[in-house]
Amino acid sequence: MWYMKVLLVDAPYVRVYGPLSGVFSKHPCQGLMSISAVLKAAGHDVRVIDPETQGLTDEDVLGLIRGFQPSIVGVSAMTSNILLAYEVVRLSKRADNRILTLIGGYHASALPERTLMECRELDAVCVGEGEYAMLELAGGKAPADVAGLVWRAGDAVMRTVERPLIGDIDSLPMPDFDCLPLDQYHPHLHKAKDGKWTTIITSRGCPYKCYYCASRIVNKGRFRAHSVNRVMDMIYALKERGFTYLRVFDDEFTVDRKRVLDVCDRLVEEKVGIIWDCNSRVNVVDRELLARMKAAGCILVFYGCESGNQGVLDKICKQITVEQIVEAFKATSESGMEANGSWILGNVWDTKETIEDTIRLAKRLVPYSTQHYFNFALPSPGTRFWDIAVEEGRACYDWSKYTLQNEPIYVPKSMTREELMHLMARAHKEVFYSPRFMLNRALRMRSFGELKANVKGLYTLTKAMATWGGAGK
């Protein structure tokens, strides 16, 4: 039987959150788990590693490659860790120059030619979904014959035809839940609970067109969901492995309302007994849906709010209103679940006044919320935001600066860098240090471990605020 040795690597992630890296989650790479399952189903010998989570040094990785002797090394990366992905590629070629090296993910899919130019040891970029491209390569096809690749042919860079999206994602085998040490991953510090935590993906893509989102690069604006039966199979598989808290890591879990209700009904009827949280949108939830989610074990809903100014919301194509934000947070809180929100400071159309609107709205939501994430606007390659930055001549090609919580790499023309950083410090101070917010957090704590996690998070936040301009300014 023909088989090939394939090593899949999740590029180290440590720099992504800058000074707040100690409080943010580290989750397993679902894409590699799916690719591993497809390759193993075809009889290939596959190993998957996450050097950061597994505590592997460069020398450890080099030794592992030399010992395993793979024919292919595939690396998953985002913009923020693409430089670390290059290091994995270089280690692979150092171990054996005959290894076929590939990088996949949103960043490489958006800038495949540049990615190949920046890393001379890289042989190919997988554009879009990677399962069947990797399967064909492992089956012995040359890169020139595999759809969805941009590859190096001597000094030339060649591109094959576009690979269509997988129409029925239920046709894929179950993710390889055993290829990574799932129990070594952790949620955001403020979400620390007793029991084991991991992530699950029940759908791919999102039909919305937010100007800062990179999902369109791979998913082309399409939403494809697993059936209710497949979702339940995955949940049971994880429960059998001892996991009691699942983070539903879909781009947007609640797009298909009926599917969500059906999943919730099954969780209740079968008394599965897990807790979970998910991403949603303020314009698609209602009190009935939230009540059913709560009854099925959902404890937290994360909403992408992004701005408290309606004009900015319209320009970034959020397709939501300020009133919907307020109602969603209120309804979520009154249903007995936690409501978390994310905010972007420094959008193209932001001014000091619009950011003040955002801070005011976040403060208004404090009675109904337990966590907020304030992020500097990040023009990721492949997004409309990136296109605007390129047109303005202000795109940043220093990938080491692409962290969500460090310093801004894009500043609106209406303000200075220092003003934007000061507003970031103010946003955190006025929300996180308000008595009502602290009381909400305290009332949610159920163990000494949760108290310890929250104290550590507050300490880390205080240090980060100093880098943005000081908590006292």
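Please work out which residue is farthest from Val248 (Cα to Cα), limiting yourself to segment 264-323 and to residues that are of a type in the set (Lys, Arg) and out of contact with any strand residue (DSSP E or B) (no Cβ under 8 Å at 6 or more places or on another chain).
Looking at the filtered set, the residue picked out is Lys315.
From the list Asn347, Asn309, which residue is modelled with pLDDT of 95 or more and within 17 Å of Tyr208 (Cβ to Cβ)?
Asn347
Anything in segment 351-371 that is at pLDDT below 95 and crowded, with 21+ Cβ neighbours inside 10 Å? List them, or say none.
Answer for segment 351-371, where residues must be at pLDDT below 95 and crowded, with 21+ Cβ neighbours inside 10 Å: Ser369, Gln371.
Would you point out which residue out of Lys220, Lys209, Lys196 is charged (D, E, K, R) and touching a Cys at 6+ places or on another chain (Cβ under 6 Å)?
Lys209
Would you be able to tell me the number of residues in segment 258-283 that are in contact with a helix residue (DSSP H, G or I) (Cβ under 7 Å, 6 or more places away or on another chain) and part of a loop (DSSP other than H, G, I, E, B)?
Summing the residues that are in contact with a helix residue (DSSP H, G or I) (Cβ under 7 Å, 6 or more places away or on another chain) and part of a loop (DSSP other than H, G, I, E, B) in segment 258-283 gives 4.
Among the residues of segment 25-48, count how many are touching a residue at least 60 places away in the same chain (Cβ under 8 Å), outside any helix (DSSP H, G or I) and not polar (S, T, N, Q).
9
For every residue, the table says whether it meets (1) among the aliphatic types (A, V, I, L, M); (2) without any contact (Cβ under 8 Å) to a residue 12 or more places away in the chain; (3) within 15 Å of Met293 (Cβ to Cβ).
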residue	(1), (2), (3)
Gly205	no, no, no
Lys209	no, no, no
Ser215	no, no, no
Phe223	no, no, no
Val228	yes, no, yes
Ala237	yes, no, no
Arg247	no, no, yes
Phe253	no, no, yes
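Could you list all residues from segment 71-97 that are in contact (Cβ under 8 Å) with a residue 24 or more places away in the chain, surrounded by fewer than 24 Cβ atoms within 10 Å (Cβ to Cβ) and outside any helix (DSSP H, G or I)?
Ser71, Ile72, Met78, Asp96
Going by what's in this entry, would Met174 be described as more than 18 Å from Ser76 (Cβ to Cβ) and outside the structural domain of Pro381 (by TED's automatic domain parsing)?
The answer is yes for Met174.
Count, please, the residues in segment 66-97 that happen to be among the aromatic types (Phe, Trp, Tyr) and over 26 Å from the mean Cα position of the chain (by Cα).
Counting residues in segment 66-97 that are among the aromatic types (Phe, Trp, Tyr) and over 26 Å from the mean Cα position of the chain (by Cα) gives 1.
Is there any pair with a first residue in segment 145-163 that is within 16 Å of Arg114 (Cβ to Cβ) and a second that is β-branched (Val, Ile, Thr) and part of a strand (DSSP E or B) whose Cβ atoms are under 6 Å apart and which are 6 or more apart or on different chains, and what are they?
Val150/Val125; Arg159/Val150
Output the residues belonging to segment 195-211 that are among the small types (Gly, Ala, Ser) and touching an Asp or Glu at 6+ places or on another chain (Cβ under 8 Å).
Ser203, Gly205
Could you grab me the full set of residues in segment 313-327 that are assigned to a helix (DSSP H, G or I) and under 15 Å from Thr354 (Cβ atoms)?
Leu313, Asp314, Lys315, Val322, Ile325
The values are calculated or read from the model by the stated rules, or taken from the named source; none is laboratory data. Note that the structure is a prediction, hence the values are computed from the model and not measured. We place every Cβ from the backbone using ideal geometry, glycine too, and count neighbours over all the protein chains shown.
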